[in-house]
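Presented below is the structure to which this report refers.
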Amino acid sequence: MSIAKKAGFLAIELDGAGYANLARAVLDAESAGFHAATFKDTPEAGRANALQRAAFAGPITRTIAVVPEVDTVYTEPFHISTQLASLDYVSGGRAGWIATAAESPEAAAAVGRSFVTGIALAQEAAASIETGRRLWDSWEDDAVIRDVATGRYLDVDKLHYVDFETPADFSGTPYSVKGPSIIPRPLQGQLPVLAAAKLVGEGQVPVEAVDAVLVSAPTPELLTAEIRDVRARLGGSVAIVAELDVLLDARGQSAASRPVASPEAALSDSERARYTGPADGLIELLEVLLAEADGVRLHPAALEVELEELSRLVLPELRRRGSVRPSVLDGTFRDVLGLERPQSRYSTSAAAVAAGKQGPA
């Protein structure tokens, strides 16, 4: 019996797809009806990073959002902002950003920075997100005029300095960003920003800085309770995305007996809840989760195998029951999350100043 209260969305992690089979994987996920594909950023020699893989997937798809993980601690905020804005253009407005801030001595050593830990991680994330959002707003929507008669490409009055400086209590190396961006405002205005729920809240990344949070728990039963706790803690302004590892009965083998040898299938160290078993049991669990969360992100044990079963058995039944919403051709990631396209903070300020000079009506 269906208990879902509303139609939600489903995302799938495509970490198991390298360049050789990425096109097939993302197109299969799109055909199956997934609303978003995410890309884990695990630095490996000779491997394209998450943003590069998302940029490859964006132009070949039409409905599925492409959402890479991008580190906020050891990556320059200006570069993050401009690269993500470019991703929004090549994907037709279907880009998002999973802002990560993990303890990583290896990443610190790779860029010659001191190792960041503790509360400093959240401070780095908050500063990087704020910088990115200001830079996305630094071009007003109509800043590009392409005036052939005068030879002007831009209306310079519609480009704005962002003047960001890290706060006085910043634990890391202080920095400032003048701006404006070197890329026009993204198609979505602001890309949706996601972060782990444990990184968001009082004294960490502000709730208003993110559009969705990723919620994890050790078991499916605890996951439902954690979703409720996070919603109570953060309020209703952010979308809740539940995290779930999936290992299904497939190709004539039970999940318990399937050999799990590929790197993407090594879920033993995962902190996420895991479902192991037949497709019909997963359908029931997803209905329970979607009754509490706005969406669920699935982490397949073996991408090709799980995606085949999800496409054939799970998503069609969830759509039949009305538990997941239909995909929208040429829609945006903001559409998936139910977000309006925001006005640039700088154009809003300009309008307010102009109104103030005119005086009351």
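The values are calculated or read from the model by the stated rules, or taken from the named source; none is laboratory data. Since we're looking at a predicted model, the values are computed, not measured. These accessible areas exclude ligands, DNA and RNA; they are computed on the full protein's heavy atoms, side chains included. Shrake-Rupley method; radii C 1.70, N 1.55, O 1.52, S 1.80 Å.
Computed per residue of the chain from DSSP H runs no shorter than four, each worth -39500 (n - 2.57), the mean residue ellipticity at 222 nm is -10500 deg cm²/dmol. Per the Cα gyration tensor, segment 66-155 maps to an equivalent ellipsoid with semi-axes of 33, 14, 11 Å, ordered largest to smallest. Lys6 sits with roughly 80 Å² accessible to a 1.4 Å probe, with DNA, RNA and ligands left out of the calculation. Looking at the chain, the DSSP beta bridges with both ends there are about 15 percent antiparallel.
Between segment 294-336 and segment 73-147, the alpha-carbon centres lie 28 Å apart.
In degrees, nearest 10, range 0 to 90: what is the angle between the Cα axis of helix 279-292 and the longest Cα principal axis of the chain? Long axis of 279-292 versus the principal axis of the chain: about 40 degrees.
When all alpha-carbon pairs of segment 70-226 are counted, what percent fall beyond 22 Å?
On the way: 5858 of 12246 pairs.
Of all Cα-Cα pairs in segment 70-226, 48 percent lie more than 22 Å apart.
The angle between the Cα long axis of helix 119-137 and the main principal axis of the chain comes to about 60°, on a 0 to 90 degree scale. Rounding to the nearest 10 and keeping the result within 0 to 90°, find how far the Cα-based axis of helix 77-90 lies from the longest principal axis of the chain. That helix lies at roughly 70 degrees to the long axis.
Per the Kirkwood definition applied to all pairs of different Cα atoms, how many angstroms is the hydrodynamic radius of segment 121-196?
On the way: mean 1/r = 0.0717 Å⁻¹.
Result for segment 121-196 stands at 13.9 Å.
In segment 7-73, one over the average inverse separation of all distinct C-alpha pairs is 12.0 Å, which is the Kirkwood hydrodynamic radius.
Find the Rg to Rh ratio for segment 200-325, where Rh is the Kirkwood radius over alpha-carbon pairs and Rg uses the same atoms.
Working: Rg = 15.4 Å, Rh = 15.4 Å.
Here the Rg-to-Rh quotient is 1.00.
Hydrodynamic radius of segment 1-147 by the Kirkwood approach over all distinct alpha-carbon pairs: 16.8 Å.
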